[in-house]
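The values are calculated or read from the model by the stated rules, or taken from the named source; none is laboratory data. Source: prediction; values computed, not measured. Note that each Cβ is placed from the backbone with ideal geometry, even for glycine, and that neighbours are counted across all protein chains shown. With ligands, DNA and RNA removed, areas are computed over all heavy atoms of the protein, side chains included. Shrake-Rupley method; radii C 1.70, N 1.55, O 1.52, S 1.80 Å.
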Amino acid sequence: MKIRLNGDSYLLPQDVRTVEDLLIHLKVSERIVVVERNREVLEKEQFISTALEEGDELEIVHFVGGG
């Protein structure tokens with residue numbers, strides 16, 4: 001299945017079915033990101049239940065600390 005991830009075309013492995021699966025696949029901690037799916041910001045509680053679909057557009061934004 002193909003999606004758009006941060007503006008680029010991305011082919012998902014077959015075992016990646018939800019937003020949570022995608023974050024695990026990308027080795028990204030859900031605690032330090034905001035995920036937008038089709039222009040809607042998801043609550044962290046929605047990651048596990050939000051199924052990915054062909055053509056979805058996702059933006060994953062990392063929080064970065066510093067000084």
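For this structure, a couple of remarks:
- For the residues Glu59, Glu36, Glu54, the requirement of being among the charged types (D, E, K, R), in contact (Cβ under 8 Å) with a residue 24 or more places away in the chain, touching a strand residue (DSSP E or B) at 6+ places or on another chain (Cβ under 9 Å) and surrounded by fewer than 10 Cβ atoms within 10 Å (Cβ to Cβ) singles out Glu54.
- Restricting segment 13-25 to residues that are among the β-branched types (Val, Ile, Thr) and either in a strand (DSSP E or B) or open to solvent by less than 40 Å² (accessible area, probe 1.4 Å) (or both), the residue that is farthest from Glu57 (Cα to Cα): Val16
- Considering Ser49, Ser29, Ser9, the condition of being among the polar types (S, T, N, Q), over 10 Å from the mean Cα position of the chain (by Cα) and closer than 26 Å to Gly65 by Cβ is satisfied by Ser29 alone.
- All told, Val28 meets the bar of being modelled with pLDDT under 95, open to solvent by less than 100 Å² (accessible area, probe 1.4 Å) and either among the aliphatic types (A, V, I, L, M) or on the phi > 0 side of the Ramachandran plot (or both).
- Conditions (1) of a type outside the set (Val, Ile, Thr); (2) without any contact (Cβ under 8 Å) to a residue 12 or more places away in the chain; (3) part of a loop (DSSP other than H, G, I, E, B): number failed by Tyr10: (3)
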